[in-house]
Amino acid sequence: MPRPLRVIAASFALLLVTACNSASSGGSTPSSVRGVTDGAIKVGGIVSMTTASGYSKKDTDLGARARYDRANAEGGVNGRKIEYLGAEDDGQDPARNLAAARELVQQDKVFAVSPMSSVTFAGADFLDSQKVPTVGWGTLPSFCGPAHLYGFNGCLVPTPGGTLNQTWPEGLAAVLGGARGKSVALIAGDNDAGKFGIRTFTQGFKAAGFQVAYAKAAVPATSMPSDWSAYTKEILRSGPGGAAPDAVVSVMQTPYNIGLFTALKRSGYEGVISDPTDYDPGLLAKDATKQALDGVYVLLQFQPFEADSPAMRQFKADIKKAAGGKDIPLNMHLMTGYMSADLFLSIAGKAGRDLTVESFQKAADGFSDTGTLVGDRAEPKGQKESFGCGALVRLTNGRYEVAVPFTCYPPIPFG
């Protein structure tokens, strides 16, 4: 081979060796990492934007976008901007949830899915098997255990051996002046989330000292009842001696709650009513809805919007900016998206410049921070138990008021 050609060949070989060594040592451009380039991290979401009942979590997408926008404005994550593709609508349908997960991974090639908020998570096994870091509202068992799935406020539906968040039982005990001698009725939809909710809250309320007089996941999840009398009659006779229970706790979504609460009030029920979903000023636009929710205690697993903390002021500013400078009604779905994005960003930031699934997982193992809108966070604790913090707000004369301040309660063993 002539000398010039030998020099060219040797130089080419040297370039190949250098490139291989760079790739094997984790260079600054991990082109082999799905969804990660030298300048960007691709992220998508899965959210129930539309449902058969009309209930929507669409603002989850805006909440996530607000947090990602601020991260990008501050320079991104270790020099990379977040390329947020927005959220896929699963229609609260298991088949669509799995299809959305497949599309985000196989077609869009995302590095992570955050937020994921739905009452169904059929795509969980697929995302975990594909090693896709996924952050969402941990109201389903799928967020409790799988290596790559994280609840933004921990695992809220634990498996045996885990723990239970006592925010709701302890909060209602404070409202009632103690749980001793008090009875509670628990009702949920006939779906996975409802069944697990009944199981966990039954144990939690009993542990707090309540008598659980009624606990059923009996309401059809796909067709809202037009007549609630069968449920209200059973509930109102479930207390000691056939009397009404001291509290009725609904583990259902807003349209169902409006129907149930209206029927309870028309039946003359004067006890405490509570649910975990109806903290949304937008619901107060209709008089019938306002009347149905008046006096209801709503469980929050984050600081109330009425709080005046630095973190809450930052949240409100970020949401307003993402909404085009408009003051929009705040709701828990905005918070769900925002804090899902926040947890992802926090762990990814700790993973460093050499971002891979492995480095993300290593960063998550031992991750902790304090003073967030959901309290103190820690992983892998959050894959086994909730972060244990929450508050109760009450709708009074068309305004939400803090009934039980944001507090962190010791969890109890779940079995």
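Output the qualifying pairs, or none if there are none: Cβ atoms under 7 angstrom, residues six or more apart or on different chains, first residue in region 97-110 and free of Cβ contacts under 8 Å to residues at least 40 places away in the same chain, second residue not β-branched (Val, Ile, Thr).
Leu98/Ala122; Leu98/Gly123; Leu98/Phe126; Arg102/Phe126; Glu103/Glu88
Can you tell me which of (1) touching a strand residue (DSSP E or B) at 6+ places or on another chain (Cβ under 9 Å); (2) outside any strand (DSSP E or B) is the one Asp369 doesn't meet?
(2)
For region 236-253, how many residues meet the condition of being touching a strand residue (DSSP E or B) at 6+ places or on another chain (Cβ under 7 Å), open to solvent by 50 Å² or more (accessible area, probe 1.4 Å) and not in a loop (DSSP other than H, G, I, E, B)? Talk me through it step by step, then tell me what you get.
If we filter region 236-253 for residues that are touching a strand residue (DSSP E or B) at 6+ places or on another chain (Cβ under 7 Å), which is where we start, we get 238-240, 245-252.
Still in the list and also open to solvent by 50 Å² or more (accessible area, probe 1.4 Å): 240, 246.
Subsequent filtering for residues that are not in a loop (DSSP other than H, G, I, E, B) retains 240.
Adding up the residues that qualify gives 1.
Would you mind finding the one in Asp69, Asp61 that is assigned to a helix (DSSP H, G or I), modelled with pLDDT of 95 or more, out of contact with any Leu (no Cβ under 8 Å at 6 or more places or on another chain) and open to solvent by 60 Å² or more (accessible area, probe 1.4 Å)?
On the way: Asp61 fails: open to solvent by 60 Å² or more (accessible area, probe 1.4 Å).
Answer to the check: Asp69.
Kindly evaluate Lys233 against the criterion of being in a helix (DSSP H, G or I), basic (Lys, Arg), touching a strand residue (DSSP E or B) at 6+ places or on another chain (Cβ under 8 Å) and free of Cβ contacts under 8 Å to residues at least 40 places away in the same chain.
Considered against the rule, which asks whether it is in a helix (DSSP H, G or I), basic (Lys, Arg), touching a strand residue (DSSP E or B) at 6+ places or on another chain (Cβ under 8 Å) and free of Cβ contacts under 8 Å to residues at least 40 places away in the same chain, Lys233 comes out as no.
For Asp227, only one of the following conditions fails: (1) within 21 Å of the chain's Cα centre (by Cα); (2) free of Cβ contacts under 8 Å to residues at least 12 places away in the same chain. What is its number?
(1)
Quick check: anything in region 382-399 hydroxyl-bearing (Ser, Thr, Tyr) and crowded, with 22+ Cβ neighbours inside 10 Å?
yes
So how many residues does region 363-376 have that are within 21 Å of Ala147 (Cα to Cα) and touching a helix residue (DSSP H, G or I) at 6+ places or on another chain (Cβ under 7 Å)? Spell out how you get there, then give the answer.
Going through region 363-376, the residues within 21 Å of Ala147 (Cα to Cα) turn out to be 363-369, 376.
This time we only want the ones that are touching a helix residue (DSSP H, G or I) at 6+ places or on another chain (Cβ under 7 Å), so: 363-364, 367, 369.
The qualifying residues number 4.
Given the condition modelled with pLDDT under 95 and of a type in the set (D, E, K, R), answer yes or no: does some residue in region 393-414 qualify?
Yes, there is a match, as at least one residue in region 393-414 is modelled with pLDDT under 95 and of a type in the set (D, E, K, R).
Is it the case that region 159-174 has a residue that's farther than 23 Å from Ala217 by Cβ, in a loop (DSSP other than H, G, I, E, B) and not hydrophobic (A, V, I, L, M, F, W, C)?
no
For Tyr214, work out the one condition from (1) farther than 21 Å from Glu385 by Cβ; (2) among the hydroxyl-bearing types (Ser, Thr, Tyr); (3) open to solvent by 10 Å² or more (accessible area, probe 1.4 Å); (4) part of a helix (DSSP H, G or I) it doesn't fulfil.
Looking at each condition in turn, Tyr214 falls short on (4).
Mind telling me which of the residues Ser340, Ser368 ends up being open to solvent by less than 60 Å² (accessible area, probe 1.4 Å) and of a type in the set (S, T, N, Q)?
On the way: Ser368 fails: open to solvent by less than 60 Å² (accessible area, probe 1.4 Å).
Unique residue meeting the criteria: Ser340.
Could you tell me how many of the residues in region 325-337 are surrounded by 24 or more Cβ atoms within 10 Å (Cβ to Cβ) and either of a type in the set (Ser, Thr, Tyr) or more than 19 Å from Gly382 (Cβ to Cβ) (or both)?
Count: 3.
So which residues in region 99-127 are in contact with a helix residue (DSSP H, G or I) (Cβ under 8 Å, 6 or more places away or on another chain), open to solvent by less than 50 Å² (accessible area, probe 1.4 Å) and assigned to a helix (DSSP H, G or I)?
Ala101, Val105, Ala124, Phe126, Leu127
Would you check if Ala378 is among the hydrophobic types (A, V, I, L, M, F, W, C), surrounded by fewer than 18 Cβ atoms within 10 Å (Cβ to Cβ) and farther than 23 Å from Lys57 by Cα? Before you say what the answer is, go through the steps one by one.
Working: among the hydrophobic types (A, V, I, L, M, F, W, C): yes; surrounded by fewer than 18 Cβ atoms within 10 Å (Cβ to Cβ): yes; farther than 23 Å from Lys57 by Cα: yes.
Answer is yes for this residue.
Checking Ile319 against (1) open to solvent by 10 Å² or more (accessible area, probe 1.4 Å); (2) at pLDDT 95 or above, which single condition isn't satisfied?
(1)
(1) within 26 Å of Ile46 (Cβ to Cβ); (2) at pLDDT below 95; (3) assigned to a loop (DSSP other than H, G, I, E, B); (4) open to solvent by 10 Å² or more (accessible area, probe 1.4 Å): which one isn't true of Gly138, the others all being true?
Condition not satisfied by Gly138: (4).
Please list, ordered by first then second residue, the pairs with beta carbon atoms under 6 Å, 6 or more apart or interchain, first in region 28-39 and modelled with pLDDT of 95 or more, second among the charged types (D, E, K, R) and exposed (fewer than 15 other Cβ atoms within 10 Å of the Cβ).
Correct list of pairs: Arg34/Lys109; Gly35/Lys109.
This table checks each residue for (1) among the hydrophobic types (A, V, I, L, M, F, W, C); (2) under 15 Å from the mean Cα position of the chain (by Cα).
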site	(1), (2)
Arg34	no, no
Thr37	no, no
Val43	yes, no
Asp59	no, yes
Leu62	yes, yes
Glu74	no, no
Val105	yes, no
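Which of the residues belonging to region 254-263 are open to solvent by less than 30 Å² (accessible area, probe 1.4 Å) and of a type outside the set (Phe, Trp, Tyr)?
At the first step, the residues of region 254-263 found to be open to solvent by less than 30 Å² (accessible area, probe 1.4 Å) are 254-257, 259-261, 263.
Listed by number, the residues that qualify are Thr254, Pro255, Asn257, Gly259, Leu260, Ala263.
Restricting attention to region 264-313, and to residues there that are of a type in the set (Gly, Ala, Ser), touching a helix residue (DSSP H, G or I) at 6+ places or on another chain (Cβ under 8 Å) and in a helix (DSSP H, G or I), which single residue is surrounded by the most Cβ atoms within 10 Å (Cβ to Cβ)? Can you show your working first?
Step one: of region 264-313, the residues of a type in the set (Gly, Ala, Ser) are 267-268, 271, 274, 282, 285, 288, 292, 295, 307, 309, 311.
Still in the running and touching a helix residue (DSSP H, G or I) at 6+ places or on another chain (Cβ under 8 Å): 267, 274, 288, 292.
Add one more test, that the residue is in a helix (DSSP H, G or I), and what stays is 288, 292.
Details: Ala288: 9, Ala292: 24.
Among those residues, the one meeting the criterion is Ala292.
The values are calculated or read from the model by the stated rules, or taken from the named source; none is laboratory data. Treat the numbers as computed from the prediction; the structure is a model and nothing was measured. Cβ atoms come from the backbone with ideal geometry, glycine included; neighbour counts cover every protein chain shown. Quick note on the areas: whole protein, heavy atoms, side chains included, nothing else; ligands and nucleic acids left out. Shrake-Rupley method; radii C 1.70, N 1.55, O 1.52, S 1.80 Å.
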